[in-house]
Amino acid sequence: MQKRRKSYRVFESKSNSNKRITTLFVLFVLVSGAISARLYYLQIIKGDEYSAFAKGIYIGGQDYTPPRGDIYFQDKTGEATYLVATNKESPFIYADPKEVNDSQYILNEISKIVEINQEDYSVILDRLQNQNSSYALIKKQISLEEKDAIEKLQLPGVYIKNELVRVYPAGEVGSTVLGFLGFNEEDRKGQYGIEEYYQNLLSGSALGSANYELLSDSSLEAADIELTIDYGIQFVVERKLQELLENLDADLASAIFMNPRTGEILAMAQRPGFDPNNYSDVENINVFKNNLVQSVYELGSVFKPITMAAAIDAGVITPQTVYNDTGSVRIGGYTISNFDGKARNLQTMTEVLEKSLNTGAIFAQQQLGKKKFRDYLEAFQFDKLTGIDILGEVAGNMQSIKTANRDIDFATSSFGQGISFSPLRFLTSVAAIANEGKIMRPFLVKKVIKDGQEISTEPKVLAQPVTSLTASRVAAMMVSVVDNSFDRKAAVPGYSVAGKTGTAQIPNKDSSGYSDQTIHSIVGFAPAYDPVFIGIIKVDNPHGIRFAADSVTPTFREIASFILQYYKVPPQ
Amino acid sequence: MSLLLKILYTQKTLSIVILALIFGIVLVGYVLLATNNVRGEYRVEELKNKIMETEKSNNQLRINLTYASSLEYILEQSSMLLYAEIENVKYLKKSSTSPFASR
């Protein structure tokens with residue numbers, strides 16, 4: 001009996017022990033399984049997500065700013081692109097003044113390798129001796145050779161780091177359009193031109209830019225921008241403007257060349273210019289201002305084709321309409337004369353443009369009437385902005401004929417005095433004559449590229465002030481101007497070129513009336529009946545030459561000849 | 001020896017050994033996985049650095065190429081080679097008796 005009880009106890013004890021072990025085992029397996037499952041979930045299933053999340057935290061912690069986007073010009077008539085703005089890592093030297101014992105010695109050693117002028121030397125020395133600071137900049141943008149040489153010195157407390165700097169490989173070429181990357185307090189910010197207008201796209205900001213909003217809010221990445229500017233044409237135009245500026249001892253020489261069919265700006269330049277790589281060296285900040293967009297001027301006779309187009313379109317004259325040129329016209333107590341004061345008797349409207357007769361332009365305007373003349377100028381969009389992608393575009397001024405109703409104001413407006421527009425505004429409107437009567441919106445950005453996605457700018461018709469027939473008639477009149485006046489200086493052998501010059505007086509700044517200073521300009525397009533370009537050249541206050549026909553016309557011919565060959569347009 | 005085997009083969013000890021083995025396997029698995037992960041991360045980091053270096057040198061080459069293909073530079077080089085500018089090239093008038101006269 002006792003033996004049976006004992007064996008029962010042993011059995012009971014064994015059974016309890018087994019139960020405990022089994023429970024422990026099951027518990028262990030469950031815990032191990034849970035840990036393994038959790039590991040599998042974190043590392044395998046959610047691995048990528050958490051990795052990206054961790055990187056996100058890292059980026060945020062480092063105040064990550066993406067490298068600014070590149071800017072390109074078109075090259076070889078759109079076959080390729082030419083890099084005009086990009087970023088480059090550049091080494092700079094700095095020191096921790098708290099770790100520097102002998103600042104004089106340190107600076108002497110560094111100045112043996114890196115060029116430091118006397119003025120900067122004392123400033124840097126002061127920085128190095130300031131024990132309250134832990135950062136003293138010594139020199140920015142050193143070469144790799146200089147960097148290696150300084151590193152070999154192993155100077156205590158002296159360090160070299162890299163920073164991203166903006167470089168403009170084309171130098172001065174295109175700087176009027178590009179602007180530069182300047183400072184806004186501590187931050188880098190685009191100033192002037194494309195760098196300013198597309199600051200958000202180029203810097204990768206989440207804020208959108210009017211035309212390319214969809215692209216800019218997708219990610220932090222910066223966008224690259226391809227401009228419509230052709231590097232070859234821009235280069236030639238800038239060289240020719242520099243020659244003009246020097247030869248005529250002028251204050252300013254500027255030009256725009258555009259595709260009248262699409263509104264693409266092919267070149268936009270002014271001299272004097274600046275190098276965006278060294279924009280801080282500029283003494284007169286007026287060179288940053290884009291005078292082709294941000295200032296207006298009285299156009300002078302270059303405006304006459306607009307008056308003719310309006311009058312022909314309204315059916316009140318034809319190119320063959322004859323009037324009697326008496327050399328001057330008296331309106332409301334004022335006498336308006338031709339440029340030479342001479343009378344030429346019977347003249348056709350075509351001859352009015354060829355000989356640039358003020359009396360003829362007034363005749364056409366008077367045939368049209370004041371209201372219709374004003375309506376046509378509005379139809380040509382002269383009272384509106386073009387919408388070009390440059391900040392600070394200035395609207396034209398035609399208040400004299402909008403608010404008042406004086407005959408004299410309409411008469412002077414017919415030959416481009418008393419009303420003022422920016423060169424871009426005028427070029428955009430007059431391009432209707434080259435483009436079957438249609439005005440296209442001018443634009444500078446051909447394409448925006450971001451995250452592999454591309455958005456191209458589509459050409460846009462803004463208005464059609466005159467019919468296609470009127471446009472071709474005025475174009476023929478402008479061809480006649482080139483073929484029969486100013487000694488054919490604008491003619492390009494083998495091609496039909498349409499053009500018109502203007503020598504405008506500059507109004508006095510402090511009083512009414514005009515000064516002795518003039519602005520010479522020429523507008524033209526070629527080939528006249530299927531144009532690949534339309535351009536305007538303007539020279540402010542030239543010396544030694546009285547009329548635009550002699551000053552800017554040869555330059556126009558040279559540029560026109562280059563563009564026609566560049567685009568491989570066969571002679572007609 | 002037989003005593004040791006007896007001890008080992010008791011059910012309780014066997015269970016502990018099995019548990020320890022499972023724990024060991026999980027631990028080793030985790031260590032291997034973690035090591036592999038870290039090694040992978042280092043390799044990725046290394047590759048990233050290489051990519052960055054390549055991108056930097058590619059960018060520098062791109063800038064150099066742009067400078068070298070700029071029209072300013074080409075004009076400078078051609079003038080050093082004493083080439084005449086295209087505008088200064090004057091073509092001789094072809095005489096009607098020239099052997100190169102048009103057919």
- Note on the structure: Selection from region B:58-86 of residues within 25 Å of the chain's Cα centre (by Cα) and open to solvent by 60 Å² or more (accessible area, probe 1.4 Å) yields B:Asn58, B:Gln60, B:Leu61, B:Arg62, B:Asn64, B:Leu65, B:Tyr67
- Item | Unique match (being at pLDDT 90 or above and either in contact with a Lys or Arg (Cβ under 6 Å, 6 or more places away or on another chain) or open to solvent by less than 80 Å² (accessible area, probe 1.4 Å) (or both)) among A:Ala85, A:Ala80 | A:Ala85
- Message: Going through A:Ser413, A:Ser472 one at a time, which residue ends up being open to solvent by 50 Å² or more (accessible area, probe 1.4 Å), part of a helix (DSSP H, G or I) and closer than 30 Å to A:Ser356 by Cα?
- Response: A:Ser472
- Among the residues of region A:496-509, is any surrounded by fewer than 16 Cβ atoms within 10 Å (Cβ to Cβ) and without any contact (Cβ under 8 Å) to a residue 12 or more places away in the chain? yes
- Message: Here is a check on your reading of the model: is A:Ala395 at pLDDT 95 or above and either under 22 Å from A:Ala434 (Cα atoms) or open to solvent by 20 Å² or more (accessible area, probe 1.4 Å) (or both)?
- Response: no
- Query: When you scan region A:369-418, how many residues do you find that are closer than 20 Å to A:Tyr297 by Cβ and of a type in the set (Gly, Ala, Ser)?
  - Reply: 9
- Message: Give me the residue from region A:519-549 that is of a type in the set (D, E, K, R) and assigned to a strand (DSSP E or B) and, out of that set, surrounded by the fewest Cβ atoms within 10 Å (Cβ to Cβ).
- Response: A:Asp540
- Message: Suppose the filter is open to solvent by 20 Å² or more (accessible area, probe 1.4 Å) and either of a type in the set (Val, Ile, Thr) or free of Cβ contacts under 8 Å to residues at least 60 places away in the same chain (or both); does A:Glu99 pass it?
- Response: yes
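Conditions (1) open to solvent by less than 100 Å² (accessible area, probe 1.4 Å); (2) over 25 Å from B:Gly40 (Cα atoms); (3) more than 11 Å from chain B (Cβ to nearest Cβ); (4) at pLDDT below 75, marked per residue:
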{"position": "A:Phe11", "(1), (2), (3), (4)": "no, yes, yes, yes"}
{"position": "A:Lys14", "(1), (2), (3), (4)": "no, yes, no, yes"}
{"position": "A:Asn18", "(1), (2), (3), (4)": "yes, yes, no, yes"}
{"position": "A:Thr22", "(1), (2), (3), (4)": "yes, yes, no, no"}
{"position": "A:Phe28", "(1), (2), (3), (4)": "yes, yes, no, no"}
{"position": "A:Val31", "(1), (2), (3), (4)": "yes, yes, no, no"}
{"position": "A:Ile35", "(1), (2), (3), (4)": "yes, no, no, no"}
{"position": "A:Tyr40", "(1), (2), (3), (4)": "no, no, no, no"}
- Query: Can you tell me which residues in region A:431-456 are closer than 10 Å to A:Thr262 by Cα and among the β-branched types (Val, Ile, Thr)?
  - Reply: A:Ile439
- Note on the structure: Among strands (runs of 3 or more DSSP E) entirely within region A:126-207, at least 1 residues that are hydrophobic (A, V, I, L, M, F, W, C) and within 14 Å of chain B (Cβ to nearest Cβ) occur in A:158-167
- Could you please let me know if B:Thr66 is at pLDDT 90 or above and more than 12 Å from chain A (Cβ to nearest Cβ)? no
- Out of all the residues in region A:230-246, is one or more modelled with pLDDT of 95 or more and part of a strand (DSSP E or B)? yes
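The values are calculated or read from the model by the stated rules, or taken from the named source; none is laboratory data. All values derive from a computational prediction rather than experimental measurement. Because the Cβ atoms are built from the backbone with ideal geometry, glycine has one as well, and the counts that use them run over all protein chains shown. For the accessible areas, the whole protein counts, side chains as well, though only heavy atoms, and no ligand, DNA or RNA atoms are used. Shrake-Rupley method; radii C 1.70, N 1.55, O 1.52, S 1.80 Å.
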